[in-house]
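To keep things clear, I will list the structure first and then write my remarks on it.
Nothing in this text is a laboratory measurement; each read-out follows from the coordinates by a stated rule. Keep in mind that this is a model prediction, so the values were computed, not measured. A quick note on method: Cβ atoms are made from the backbone with ideal geometry, for glycine too, and the neighbour counts reach across all protein chains shown.
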Amino acid sequence: MEKFSDLIRQRRSMRKFTEEELTQEEVVALLKAALMSPSSKRSNCWQFIVVDDKETLDKLSRCKETGASFLKDAPLAVVVLADPLASDVWIEDAAVASLMIQLQAEDLGLGSCWIQVRERYTATGMASDEYVHGVLGIPLQLQVLSIIAVGHKGMERKPFDDAHLQWEKVHINKYGGQ
């Protein structure tokens with residue numbers, strides 16, 4: 001991408017991927033973006049689990065009742081987790097890292113989609129965070145915020161249309177403007 005404005009206009013959630021695997025260079029670029037993401041007081045409370053094993057991706061695709069099934073067909077997932085004991089704003093820090101992965105994916109011409117884990121539940125009522133902990137053997141003190149599915153785009157999505165910007169949600173100097 002030449003300009004950031006083009007990058008954010010092009011980035012759309014992608015839930016369909018081709019079977020093409022990511023290159024080592026692409027994976028490294030995604031992880032560099034995650035590791036360079038800003039964090040409060042430079043606590044770097046986040047950690048990342050890269051998953052490319054098809055059986056594990058299939059298990060993770062059941063981490064929520066709805067909205068994660070496409071993960072089984074993704075070539076890669078990055079599980080974004082953080083240590084609440086290292087930072088009281090771990091949620092924000094992990095969210096920024098999640099978005100950095102998505103923006104880097106788009107810059108590489110890849111598709112991505114955020115799968116929310118925190119405060120979500122499996123079809124059986126188990127907390128999604130607990131389910132992912134079990135699948136990946138994550139230490140108890142770490143909390144899972146999201147899973148970012150990444151792969152080569154399996155469908156075309158139109159760029160975001162500026163005509164849909166909700167300018168009425170922008171306020172100048174006080175709520176309600178004027």
TODO: With a ≥ b ≥ c taken as the square roots of the eigenvalues of the C-alpha gyration tensor of the range 1-43, please select rounded if a/c is under 1.5 and otherwise prolate if a/b is larger than b/c or oblate if it is not?
DONE: oblate
Open item on the list: Give me, ordered by chain and number, the residues 5 or more places off residue 16 or on other chains with an amide H under 5 Å from its own placed amide H.
Closed with: 154
Open item on the list: Bin width 10 Å, origin at 0, all Cα-Cα pairs of the chain: what percent of pairs per bin?
Closed with: 10, 34, 34, 17, 4, 0
TODO: Would you mind computing, in nm to one decimal, how far apart the modelled labels at residue 141 and residue 7 are, each placed 7 Å from Cα along Cα→Cβ?
DONE: 3.3
- [ ] For residue 171 paired with residue 65, estimate the spin-label separation in nm (one decimal), with each label point 7 Å from Cα along the Cα-to-Cβ line.
- [x] 3.3
Task: Debye equation applied to the C-alpha atoms of the range 119-178, log10 I(q)/I(0) at 0.13, 0.23, 0.25, 0.30 Å⁻¹ - done: -0.74, -0.92, -1.03, -1.25
- [ ] Compute the Cα gyration tensor for the range 24-122, then decide on rounded, prolate or oblate, letting a ≥ b ≥ c be the square roots of its eigenvalues: rounded whenever a/c is under 1.5, prolate when a/b is larger than b/c in the other cases, and oblate in all that remain.
- [x] oblate
Task: Structure-based [θ]222 nm, the chain - -39500 (n - 2.57) summed over DSSP H runs of at least 4, per residue, nearest 500 - done: -9000 deg cm²/dmol
Task: Out-of-range pairs (alpha-carbon distance over 27 Å; input 41/174; 32/174; 54/158; 16/169; 59/153; 3/153) - done: 41/174; 32/174; 54/158; 16/169
Task: Per-peptide average of other Cβ atoms within 10 Å, ordering 49-61, 156-168 highest first - done: 49-61, 156-168
Open item on the list: Expected output is a single nm value to one decimal: the length gained when fully extending between residue 161 and residue 41, i.e. 0.36 nm times separation in residues minus the C-alpha distance. What is it?
Closed with: 39.6 nm
Task: the range 1-106 - percent relative contact order, Cα under 8 Å, separation 6 or more - done: 38
